[in-house]
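Asks: Mind having a look at this structure? Questions to follow.
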Ligand code: F0G
């Protein structure tokens, strides 16, 4: 029995648990490895968990992207794939689900989130324009930069502090944003790039109050407000549980209200939508939609499939309906909070409050003796793998990349290792095993040294960079 569980009758009294709103119909065996096998595997992978083979991984917390378990309904939907080149029935199902739950009238499918990021960046950014946002995301910022934009972080200061307990650390600092608009001129702002549950900040949500004020500010200067809706269902759940006035609203109602303050959204369906591939881009303006339809046929596919198979659009349409059910999202975020609480109880440094999709270990406090340019988060991910075969991801200096102007490393304030929880895949017992491994690595922290980078790709370097221990 793991150390956190209730131990006495007294502690049990009055306790009423809830459980996931599903049962398991099919299982996928996973492979356990020896320490010697893991030492070989991580060395071959250049100490980069992205370069491990998944068969060498025990519990895979690399990402929640495309790693969800689909329901029996979604699998049944796969059989209804209409693989017509044009006008597939599944496209119309998907369009209808997006209109109903996100409220945008016009949509093009894309192969995944970054396909949509590419299209929106190409459509809206003119060279030299600014794109303010609530902390960067790797692919989002790169597409903005490739389109000639300059990303500016306008998230509230608390977001950069892993210990600040603000309940909506994903909020935009409206003063920072207005200062930027006044300094550069509204015509030099391409759009405001707002993300729900901000990934790089630790899965931190944006409040409804913040998006309402943001809408007013954008209206004042006639600037478009676009949403990265990738994990907006999780964001809606945090609004329901932490923002005044929303406790009695459903997650679906909150999601629709939040989106109503924005002019459009891009989506990596691989997260909230409970599917393994796919994305979309949706807007309210017909003229902009026209431009996006022209672009999608060049880069993704015809505007009624945009890089997705008919069956995948069907699974996504069904996944959207499942994802907004209150019982589902409570269990999904509940599992993340469960793991987070274990680590908090054991005094392990993590980003707080715990976010919606992952636990972020604070590598600065984990390894205070390792300099940031000796890649402490990268090393922490490697150590977790060595200890137990758990795969996590660096979200620190390697992910931040180099400044395109100076060519120097960007030094982000947050130096994190992410334990990302796939949806409907692992059990509470897996979470116990994960927590115990983190504790073991934490107890051995003073013996651990940093890394040096021996191969550096030019773009999104974290995916393929290679390291050696110092
Ligand atoms: N926006 C956010 C907030 C994301 O987290 C991601 C992907 C994307 C956009 C891009 O979507 O992968 O479908 O092209 N995040 C993954 C992750 C890769 O592991 O966090 P994509």
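Asks: Return, for the Cα atoms of the chain, the radius of gyration and Dmax in Å, separated by a comma.
Replies: 21.8, 66
Asks: Can I ask one more? Would you report the distance distribution of C-alpha pairs in the range 341-470 as whole percents per 10 angstrom bin, up to the bin with the largest distance?
Replies: The percentages, shortest bin first, are 12, 45, 32, 10, 1.
Asks: Expressed in nm to one decimal, what extension gain is obtained for the pair residue 427 and residue 365 from 0.36 nm per residue of sequence separation less their Cα-Cα distance?
Replies: Numbers: separation 62, 0.36 × 62 = 22.32 nm, distance 2.83 nm.
Computed gain between residue 427 and residue 365 is 19.5 nm.
Asks: Over what distance in Å are the Cα centres of the range 369-429 and the range 150-195 separated?
Replies: 24 Å
Asks: Quick one: Cα centre-to-centre distance for the range 451-470 and the range 256-281, in angstrom?
Replies: Using only Cα atoms, the two centres lie 31 Å from each other.
Asks: How big is the range 417-461 in terms of Cα radius of gyration and Dmax, in angstroms?
Replies: 15.5, 40
Asks: Sticking with this structure for a sec: Show me the ranking of peptides 26-32, 394-400 by mean Cβ neighbours inside 10 Å, starting with the highest. Don't skip to the end; give the middle numbers.
Replies: On the way: 26-32: 8.4, 394-400: 25.6.
Top of the packing list down: 394-400, 26-32.
Asks: Taking the Cα of residue 216, stepping 7 Å toward and past its beta carbon, and measuring to each backbone N in the range 194-209: which are under 13 Å?
Replies: It comes to 209, nothing else.
Asks: What's the whole-number percent of alpha carbon pairs in the range 72-323 lying beyond 32 angstrom?
Replies: The proportion of pairs with Cα distances above 32 Å equals 18 percent.
Asks: To the nearest µm²/s, what D does Stokes-Einstein give for the range 150-207 at 37 °C and 0.692 mPa s, using the Kirkwood radius over alpha carbon pairs as Rh? It would help to have the intermediate numbers written out before the result.
Replies: On the way: Rh = 12.0 Å.
After rounding, the answer is 273 µm²/s.
Asks: What base-10 log of the normalised intensity I(q)/I(0) is obtained for the range 1-122 from the Debye formula, alpha carbons as equal point scatterers, at q = 0.10, 0.16, 0.19, 0.21 Å⁻¹?
Replies: -0.67, -1.10, -1.18, -1.27
Asks: Please state the relative contact order of the chain as a whole percent: Cα pairs under 8 Å, 6+ residues apart?
Replies: Across the chain, relative contact order equals 23 percent.
Asks: To the nearest 0.05, what FRET efficiency results for residue 440 and residue 152 with a Förster distance of 41 Å applied to their C-beta separation?
Replies: On the way: r = 41 Å, r/R0 = 0.99.
Given R0 = 41 Å and the Cβ-Cβ separation, E is 0.50.
Asks: Let me ask something additional. Starting from the Cα-Cα distance between residue 297 and residue 165, subtract it from 0.36 nm times their residue separation and give me the gain in nm to one decimal.
Replies: 43.0 nm
Asks: Using only Cα positions of the range 250-297, each an equal point scatterer, no hydration layer, compute I(q)/I(0) via Debye at q = 0.13 Å⁻¹ and quote the log10 values to two decimals.
Replies: For the range 250-297 at q = 0.13 Å⁻¹, log10 I(q)/I(0) is -0.39.
Asks: Also, I was wondering about something else. Beyond 14 Å, what percent of the Cα pairs of the range 215-270 remain?
Replies: Cα-Cα pairs of the range 215-270 separated by over 14 Å account for 58 percent.
Asks: Evaluate the range 90-237: find the radius of gyration of its Cα atoms, find its Kirkwood radius, and give the ratio Rg to Rh.
Replies: Rg divided by Rh gives 0.96.
Asks: Right, another one. What are the semi-axes of the equivalent ellipsoid of the range 393-470, taken as the square roots of 5 times the eigenvalues of the Cα gyration tensor, listed largest first and rounded to whole Å? Please list the in-between numbers first.
Replies: Working: eigenvalues 162, 60, 26 Å².
Working through the eigenvalues yields semi-axes of 28, 17, 11 Å.
Asks: Run the numbers on the range 105-212 and let me know its relative contact order in percent, using alpha-carbon pairs under 8 Å that are six or more apart. Provide the component values of the computation, followed by the final result.
Replies: Details: 166 pairs, mean separation 30.8, N = 108.
Relative contact order for the range 105-212 comes out at 28 percent.
Asks: Then there's this: What fraction of the DSSP beta bridges in the chain is antiparallel, stated in percent and rounded to the nearest 5? Before the final figure, lay out the partial values.
Replies: Details: 26 of 40 bridges.
Here the share of antiparallel DSSP bridges comes out near 65 percent.
Asks: Something else now. Could you work out the relative contact order of the range 72-323, using alpha carbon pairs under 8 angstrom and six or more residues apart, expressed as a whole percent?
Replies: Computed value for the range 72-323: 32 percent relative contact order.
Asks: Given R₀ = 25 Å, what would the calculated FRET efficiency be for residue 470 paired with residue 54, taking r from the Cβ atoms and rounding to 0.05? Walk me through the numbers on the way to the answer.
Replies: Details: r = 28 Å, r/R0 = 1.11.
E(calc), rounded to 0.05, equals 0.35.
Asks: Is any residue of the range 303-335 close enough, with backbone N under 17 Å, to a label point placed 7 angstrom from the Cα of residue 80 along the Cα-Cβ axis, and if so, which?
Replies: The answer is 309-323, whose backbone nitrogens lie closer than 17 Å to the label point.
Asks: Follow-up. Just grab the label-to-label distance for residue 253 and residue 35, each label 7 Å out from Cα along the Cβ direction, in nm (one decimal).
Replies: Each label point is offset 7 Å from its Cα along the Cβ direction, giving 5.5 nm.
Asks: Output needed: percent of Cα pairs per 5 Å distance bin for the range 157-304, bins running from 0 to the one holding the longest distance.
Replies: Using 5 Å bins, I get a P(r) of 2, 9, 17, 20, 20, 17, 11, 5, 2, 0 for the range 157-304.
Asks: Where both partners of a DSSP beta bridge lie in the range 196-355, what percent of those bridges are antiparallel, to the nearest 5?
Replies: Expressed as a percentage, antiparallel bridges in the range 196-355 total about 65.
Asks: Normalise the Debye intensity by I(0) for the range 272-403, one equal point scatterer per Cα, no solvent, then take log10 at q = 0.16, 0.18, 0.20 Å⁻¹ and round to two decimals.
Replies: For the range 272-403 at q = 0.16, 0.18, 0.20 Å⁻¹, log10 I(q)/I(0) is -0.99, -1.04, -1.11.
Since every read-out is calculated from the coordinates, none of them should be taken as a lab result. Since the model is a prediction, treat every value here as computed from it, not as a measurement. Cβ atoms come from the backbone with ideal geometry, glycine included; neighbour counts cover every protein chain shown.
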